[in-house]
1. For segment 1-127, with every protein chain kept in place, what is the accessible area per residue (1.4 Å probe, Å²)?
2. Sum -39500 (n - 2.57) across every DSSP H segment of at least 4 residues in the chain, then divide by the residue count to get the 222 nm mean residue ellipticity, nearest 500.
3. For segment 1-135, which whole-number percentage of the solvent-accessible area (1.4 Å probe, protein heavy atoms only) is attributable to carbon and sulfur atoms?
4. Indicate the helices, whole DSSP H runs only, in the chain that combine a mean Kyte-Doolittle hydropathy of 0.5 or more with a Cα extent along their long axis of 18 angstrom or more.
5. Can you tell me the length gained on complete extension of the stretch Asn13 to Ser285, counting 0.36 nm per residue apart and subtracting the Cα distance?
6. Would you mind telling me the antiparallel percentage of the DSSP bridges in the chain, rounded to 5?
7. Could you tell me the center-to-center distance, by alpha carbons, between segment 155-201 and segment 83-108 in angstrom?
8. Please list, by residue number, every one of the trypsin sites (Lys or Arg not before Pro) in segment 21-89 that is coil in DSSP and has at most 11 other beta-carbon atoms within 10 Å.
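The values are calculated or read from the model by the stated rules, or taken from the named source; none is laboratory data. Because the structure is predicted, anything quoted here is derived from the model rather than measured. Heads up, the Cβs are rebuilt from the backbone with ideal geometry, glycines too, and the neighbour counts pull from every protein chain shown. Note: accessible area is taken over every heavy atom of the protein model, side chains too, but ligands, DNA and RNA are not part of it. Shrake-Rupley method; radii C 1.70, N 1.55, O 1.52, S 1.80 Å.
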Amino acid sequence: MELIRGLHNLRPNHRGCAVTIGNFDGVHLGHRAVISQLVERAQTLRVPSVVMLFEPQPQEYFRPDASPARLTRLREKLTALADLPIDRVLCVRFNRRVADLEPTAFVRILLDGLGVRYLIVGADFRFGHARRGDVESLARAGREHGFEVATAPTVTMDRERVSSTRIRAALAAGDMKDAEKLLGRKYRICGRVSRGERIGRRIGIPTANIELRRHRASIAGIFVVEIVIADESYPAVASVGTRPTIGGTRPLLEVHVLDFNRDIYGAHVAVDFLHRLRDERRFDSLEEMRAHIALDIEAARQYFTGRPRVAAGRR
């Protein structure tokens, strides 16, 4: 999969393609249905398939303090898209210049920059300054300039639409199984292990600290997880929260790997969330916190008892 970072990196050889545009937050089953239709049409037309997305996501640009929690940051999104049969991803920086584009100017990018032959978007897709462009205006442009416009299929599960919003609600409720069904895979957070304050080591329960690098997390609490290190999967227990016992303020992912004593500082890891154990809480002392973490570790061990292990691989 070729990654094109920014409109300024479009080249003449990028013209002539089938395109879809969206946030693709989570790259869930609904997104995969759109991409499947995109790839099928691209193959029929014998042109490359292109996923066009924005960074930051438009809602994050317009409402930074009120935008929804992200399911996937950009790197995680690109990793998930790379597992699909997509030829290219065009990542466009969403800024004032892009926000102020008139709908006709946006269509001109599709024509001149991408040479679009086929375009598939959601039925509620809006674009251009003040969201003045919609699917109907795209269809008119398609008829005028000779490209096909299609609306994305609606994917339902249990009679409800599969959406990023629905997945966020499942994660907020701690329903990891429902989130997994909607995503088509386990919910995963990726990141690099950084050096923390070594409080876990001080109380005899060392943790791998992973910066979340997102405006806010989609989940919070204590979880049974599997951590993937260099393509090997290990059972673990994790906390996502602000660490109120020690006066923390920013959200952090901390993972205690069961029966593990390797130094993994600096390693890039993936954490798959399997089961929610409890809410994060503030304890009166480090000793009380250590005792509760010991109970969490025991609960994680019981969860993994008799559970078949699956090779990690890429997801």
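1. Value for segment 1-127: 44 Å² per residue.
2. The helix-only estimate for the chain comes to -8500 deg cm²/dmol at 222 nm.
3. Ligands and nucleic acids excluded, carbon and sulfur reach 48 percent.
4. none
5. Gain on extension, Asn13 to Ser285, equals 91.7 nm.
6. 65 percent
7. 27 Å
8. Answer by residue number: Arg46.
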